Amino acid sequence: MLDSQSTRSTREGDFRRSIGLFSGTAINMTQMCGIGPFITIPIMVATMGGPQAVLGWIAGAILAVADGMVWAELGAAMPGSGGTYVYLREAFQYRTGKLMPFLFIWTVLLTIPLLMSTGIIGMVEYLEFFFPHLGWWQVHLISLVSTGIVTLLLYRRIESIRTMTIALWVIMLLSVIGVSAAGFSDFHSSFAFAYPANVFGGHFFVGLGAGLIIGIYDYLGYFTTAYMGDELRNPGRTMPGSIIISVIAMMIVYLTLNISVLGVVPWQQIAQSQSVASLVVEHSWGHMAASVMTILIIVTAFASVFAGLLGGSRVPFQAAHEKVFLSVFGKLHAKHGFPHVALLTMGVVTAIGTFFDLTEVINMLLAATIIVQSIAQIAALVVLRKRQPTLYRPYKQWLYPVPCAIALLGWIYVYVSASAMSLILSGAWIAVGLAVFAIWAKINRSWPFAPVEIREAYLEND
C-alpha cells in the first residue's frame, strides 16, 4: 500500500517534467499540421458549396475544444503512454473486463493505417501536378509502391523521429506561409466572398455535417499532450491550455489559408482541384514556384506517413505485451527488435485504403474512431468520476458536464453525417473485433468466460 503522495511521486519520477505551456502547444500543433489542409480545402469547399466552407473549420474547432477538455482531464489524471487504451481499461474494467481496450486497439489497426492512406492519396494527387495524365492503374501502382517503401524503411530499429518531426514542422510551416502569401499576393474579394444564393437554406446543415467530418480530421492531434502527462510542468494548467490554444491557433491558420486560396480563382475551380496549393502558387507566382511548393508538400506527405506508421505500430505491441490484445502483436523482430507484425499489418491496411476515395477514407476512419474512442472516452470520464472519486486529478473539466455534452452531440452529429459505406465498413470491422475478442477471451479465460479482474492502477489507494 502507498499513500497518494508517494504514488504520485513514483509516477512523476519516471520522467523529467520539462514541457511547459508553450512547448506543449507547439507539440500539439506539430501533430495537427500535416498535409491535411492542402488536400481537404477542395473537398470542404465542394461539400459546403461555396466560400462558407470556413464554417466547417470553425465547427471543427468547437468540437475539438470540447473534446479536448475530455482528453485533458483523463490525460492529466492518468499520464504516460497508452492514452485512450489506458482510460478505457481503467473505466470499463468493472463490468466488461478487457473488452473496451481490446476493441480500441482493434480499431487502431484500421484507423491509423487509414489516416496514413490519406497521406499517400494526397501525395499522389500532388504528383499529378508533374504527371497530369496518370491513369487509374498508374495512380494505384504509385500508391502501393510508396506504401511499400515506407514499410521497408521502417523495417528496422528506429530509436527516434525527433529530427524528422522538426523537419516536417519546418517544411509544413514554409508550405502554409508560402501558399497563403501566394494567395494574398493576387487576392480578389469578389472570389473569396462569392456566396451562392440561399447559402443558408435547407441543405446547409447537411453540408455542415459533412464539412465537420473534414474539419475535425484536420484538427486531429490536438490531444497529443494527453499522452505526455508525466513530462508536463503543472499538468492541470499545461494540459488544457496546450489543447485549447493549439486548436484556436490552427483554426486561425486554416481560415487564413482557406480565405487566401479562395481569393485567387472562383470557388468552383477550387472545388475541382486535386492540388490546390500548386494551383494557387502557379497562378500567382508561376510554374517554377509551384513546382518547388509541390515538392515540399509531397515530402511532407511522405514524412508524415513514415512518422505515423512508426508510432502507430507501437500501440498494439504495448497492449499485447500487457496481455490485453492478441499475443502475436507483442512479438519483436528477432534481429532488429521492433514490432514487425503490427507494422506489416498496418502497412497492408494502408495500401488497401489507398484504393478508396479520399473523402470515403476520412469518413471511414472517423466512423470507426467515434464509437470506440471519442464517445467511449466521454463515458469513461463520467464513469471514473463515479467509480474513482478520489483519483488525483490535476485538472478537472471546466463547467462539467457541459463540454462532455457538447462533445457528445458533436460526435453524434459527425457520425450520422458519415457516408453509408463508411458506417457499414467500420461497423463490420467492429463486429469482427467483437468476435475476435470472444475467441481471445475464451482462450485466455478472461471475461465473459471468467470473473472480471479489477486493478485500479492509478487510484490513490492500490
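Couplings 3J(HN,Hα) for the range 387-402, derived from phi with the Karplus relation 6.51 cos²θ - 1.76 cosθ + 1.60 (θ = phi - 60°), are 7, 10, x, 8, 4, 5, 10, x, 10, 10, 3, 5, 6, 3, x, 4 Hz, where x marks Gly and Pro. Find which of SER242, LEU127, THR294 sits farthest along the positive direction of the dipole of the chain, computed with +1 on the beta-carbon of Lys and Arg, -1 on that of Asp and Glu, about the Cα centre. In the chain, that residue is SER242.
Projecting the Cα atoms of LEU425, VAL45, GLY56 onto the charge dipole of the chain (Cβ charges, centred on the Cα centre) puts LEU425 farthest toward the positive pole.
Given R₀ = 30 Å, what would the calculated FRET efficiency be for ILE252 paired with VAL436, taking r from the Cβ atoms and rounding to 0.05? Walk me through the intermediate numbers first.
Values: r = 43 Å, r/R0 = 1.44.
It comes out at approximately 0.10.
Tell me the carbon and sulfur percent of the accessible area for the chain, rounded to whole percent, probe radius 1.4 Å. Accessible surface attributable to carbon and sulfur in the chain totals 68 percent. What the Cβ-Cβ distance of HIS133 and PHE205 gives, at R0 = 45 Å and to the nearest 0.05, is a FRET efficiency of 0.70. Note on LEU332 and LEU174: with the Förster distance fixed at 30 Å, the Cβ-Cβ geometry gives a FRET efficiency of about 0.20.
Could you sort THR30, THR345 by accessible area so the largest value comes first, with the probe set to 1.4 Å?
Numbers: THR30 25, THR345 45 Å².
Output order, biggest surface exposure first: THR345, THR30.
Once every DSSP H run of n ≥ 4 in the chain is given -39500 (n - 2.57) and the sum is divided by its residues, what mean residue ellipticity at 222 nm do you get, rounded to the nearest 500 deg cm²/dmol? Intermediate results must be reported in sequence, preceding the final value.
On the way: 20 runs with 318 residues, N = 462.
Dividing the helical sum by the residues of the chain leaves -23000 deg cm²/dmol.
Step through the table entries LYS98/LYS396; LYS331/LYS396; LYS98/LYS335, compare each Cα-Cα distance with 29 Å, and write down the pairs that go over it. Beyond 29 Å between Cα atoms: LYS331/LYS396; LYS98/LYS335. Highest mean packing comes first when the peptides 419-425, 276-282 are listed by Cβ atoms within 10 Å, giving 276-282, 419-425. Accessible area per residue was computed with a 1.4 Å probe on protein heavy atoms; CYS33 scores about 10 Å². Taking amide H positions as modeled 1.01 Å from N, with prolines and chain starts lacking one, the residues under 5 Å from TYR392 and 5 or more places away or on another chain are GLU460.
Remark: the range 348-359, residue by residue, has Karplus-estimated 3J(HN,Hα) of 5, 5, 4, 4, 5, x, 5, 7, 9, 5, 4, 4 Hz, where x stands for each Gly or Pro and the curve is 6.51 cos²θ - 1.76 cosθ + 1.60 at θ = phi - 60°. Couplings 3J(HN,Hα) of the range 301-310, computed from phi: 4, 5, 5, 5, 5, 4, 5, x, 5, 4 Hz, in residue order, whole Hz [Karplus 6.51 cos²θ - 1.76 cosθ + 1.60, θ = phi - 60°; x for Gly and Pro]. Solvent-accessible surface (1.4 Å probe) assigned to ILE454 amounts to roughly 90 Å². Label point 7 Å out from SER185 along Cα-to-Cβ: which residues of the range 280-312 have amide N under 17 Å? The answer is 280-297, whose backbone nitrogens lie closer than 17 Å to the label point. Kindly express, to the nearest 10 degrees and within the range 0 to 90, the angle between helix 162-185's C-alpha long axis and the longest C-alpha principal axis of the chain. Tilt relative to the chain: about 30 degrees. From the alpha carbon centroid of the range 370-393 to that of the range 287-346 is 29 Å.
Give the accessible surface of the chain per residue, rounded to a whole number of Å², with probe radius 1.4 Å and ligands, DNA and RNA excluded. Averaged over the residues of the chain, the accessible area is 42 Å².
The values are calculated or read from the model by the stated rules, or taken from the named source; none is laboratory data. In this text, all values refer to a predicted model and were calculated from it rather than measured experimentally. Note: ideal-geometry Cβ built from the backbone for every residue, glycine included; neighbour counts use all protein chains shown. Side chains included, ligands, DNA and RNA excluded: accessible areas come from the protein's heavy atoms. Shrake-Rupley method; radii C 1.70, N 1.55, O 1.52, S 1.80 Å.
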